[in-house]
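The values are calculated or read from the model by the stated rules, or taken from the named source; none is laboratory data. In this text the structure is predicted, and so the values were computed from the model without any measurement. Cβ placement follows ideal geometry from the backbone for every residue including glycine, while neighbour counts extend to all protein chains displayed. We work out accessible area using only protein heavy atoms, side chains counted, and drop any ligands, DNA or RNA first. Shrake-Rupley method; radii C 1.70, N 1.55, O 1.52, S 1.80 Å.
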Amino acid sequence: MTAVTVIEPAMALPESAPVAGDAARPVLNFWVFGAPYLVTIVFFFTRLTDDDRIFAPIFPVVITAAAAAIAILIKRRLPEINRELVMFMLAYAALGVLSVLLNGNNDLYALRKIGLPLVCMAPGVFRYYTTGRQMVPFLAALFVVALVYTTQTSQVEAGGLFTTDSPNESILSVAFGAVAVWLVASSRLTLAALAGIACVFFFKRNAMGAGLVVALLVLAVMWVRRDRAAPLLRRILLVTVPMVAIFAFYLSDLFGFIATNLVRGYDAEYLSVGRAAIYDLIIRDFDRSGLREQLLGHGAGAVENMVSSARSLAPGLQLAHDEYLSWLYDFGIVGLVVLLVMLIRLGRSGNAAIAVLLFMVIAMTAENFFLISFNCLAVFALLSTHMVSARPAGDG
């Protein structure tokens, strides 16, 4: 009997015709990224000082690139490239460099704003494959690493969930949320449930909310449309990205409305965990800016520089806690539109990539997603990973 492709219908590669057997798989296994990713997290937690932690994501990038070079020699096949992600990275780099040239800001904030996201996106340039069985030890190892790190604090809630006020709060909850929706779209519901439980366990509210919304949405679409889910999910992504971006500008008003009308006794500052004041500062300063700054931005890293030096905010803050406001302030209206368009293009890689993108664009409304290195590393690798069967069809 003629062998058939091992890639499941929900995850079929859209840019190439179906091919048979092991040739249908990308050259690189997901563990080429997963193993150095886990090792780097442990190294980050235990060995690096605060000043050096910005360099930690470089390690899995270097190891992944070396593995790709070795795979070329052994398998005599070039690794597949996620071209849409490459285009996004080029657009992001171009906007960052242009903003620096226009505004003359070349400090550490600018370097971090441009360099760290590009490094964290880099592993996702290569396409990977994985199986359900291979994801089990990865999820288990990631959970252990997150658990050990998070429990290095006495601030644990009585109910067993780790408080978001913890100084050693797990920064991996967003990674678990992204893995959960990726697994839902890959029709691995048992593993998705485990990843979702881990996300809730580490209690990152934006990850929990985005994960639940996207998982339910993807399940509904895949149940209603079955084999035709991808076109509908792409339309939903097309609508969601600009809608969520616009909504992000009114988050402070939303927290104020909730505090005034729904949750008496708590103000907007408390409900937003201090974010409302940051949002108000950014929007107020943007409104006062000239037309050139509004269109082309204040320069890469400008928003972090402003937040960190604002006397009206609590000391120690360095992030906008809203990726859309961050892009708007640094790269202007033009830059924000360009990046949102390029973001939508990433949804061409199938249902699972769309699910991860939907999760990401929702989570970005309350977090500087691109500056949280380990979340960014994990999520962009997922955009390029495809679930395949345990072994090629036709093998015995």
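Residues in region 324-347: is at least one outside any helix (DSSP H, G or I), surrounded by fewer than 16 Cβ atoms within 10 Å (Cβ to Cβ) and of a type in the set (A, V, I, L, M, F, W, C)?
no
Looking only at region 50-64, which residues are more than 23 Å from Thr150 (Cα to Cα) and either at pLDDT below 75 or open to solvent by less than 10 Å² (accessible area, probe 1.4 Å) (or both)?
Thr64
Residue check: is Arg76 open to solvent by 10 Å² or more (accessible area, probe 1.4 Å), out of contact with any strand residue (DSSP E or B) (no Cβ under 7 Å at 6 or more places or on another chain) and under 23 Å from Met342 (Cβ atoms)?
Here the answer is no, as Arg76 does not meet what is asked.
Report yes if some residue within region 89-110 is acidic (Asp, Glu), open to solvent by less than 70 Å² (accessible area, probe 1.4 Å) and at pLDDT below 90; otherwise report no.
Going residue by residue through region 89-110, those that are acidic (Asp, Glu) are 107.
Add one more test, that the residue is open to solvent by less than 70 Å² (accessible area, probe 1.4 Å), and what stays is 107.
Cutting the leftovers down to at pLDDT below 90 gives us 107.
Within region 89-110, one or more residues are acidic (Asp, Glu), open to solvent by less than 70 Å² (accessible area, probe 1.4 Å) and at pLDDT below 90.
Would you mind stating whether Pro117 is part of a helix (DSSP H, G or I), touching a Ser or Thr at 6+ places or on another chain (Cβ under 6 Å) and not aliphatic (A, V, I, L, M)?
On the way: part of a helix (DSSP H, G or I): yes; touching a Ser or Thr at 6+ places or on another chain (Cβ under 6 Å): no; not aliphatic (A, V, I, L, M): yes.
Taking the combined requirement at face value, the residue does not satisfy it.
Across region 348-372, which residue is surrounded by the fewest Cβ atoms within 10 Å (Cβ to Cβ) among those that are small (Gly, Ala, Ser) and modelled with pLDDT of 90 or more?
So, considering only residues that are small (Gly, Ala, Ser) and modelled with pLDDT of 90 or more, the one surrounded by the fewest Cβ atoms within 10 Å (Cβ to Cβ) is Ala352.
Determine whether region 187-201 contains at least one residue that is among the aliphatic types (A, V, I, L, M), in contact (Cβ under 8 Å) with a residue 60 or more places away in the chain and out of contact with any Asp or Glu (no Cβ under 7 Å at 6 or more places or on another chain).
no
Among what's in region 131-146 and is open to solvent by less than 20 Å² (accessible area, probe 1.4 Å) and under 19 Å from the mean Cα position of the chain (by Cα), pick the residue that is nearest to Ala320 (Cα to Cα).
If we take residues in region 131-146 being open to solvent by less than 20 Å² (accessible area, probe 1.4 Å) and under 19 Å from the mean Cα position of the chain (by Cα), then Ala146 is nearest to Ala320 (Cα to Cα).
Just give me the residues in region 147-179 being modelled with pLDDT of 50 or more, among the small types (Gly, Ala, Ser) and either open to solvent by 10 Å² or more (accessible area, probe 1.4 Å) or over 24 Å from Leu219 (Cβ atoms) (or both), in sequence order.
Hit for region 147-179 is Ser170, nothing else.
Give the residue, chosen from Arg83, Arg47, that is surrounded by fewer than 20 Cβ atoms within 10 Å (Cβ to Cβ), of a type in the set (D, E, K, R), modelled with pLDDT under 95 and closer than 25 Å to Leu339 by Cβ.
Of the residues listed, the single one that is surrounded by fewer than 20 Cβ atoms within 10 Å (Cβ to Cβ), of a type in the set (D, E, K, R), modelled with pLDDT under 95 and closer than 25 Å to Leu339 by Cβ is Arg83.
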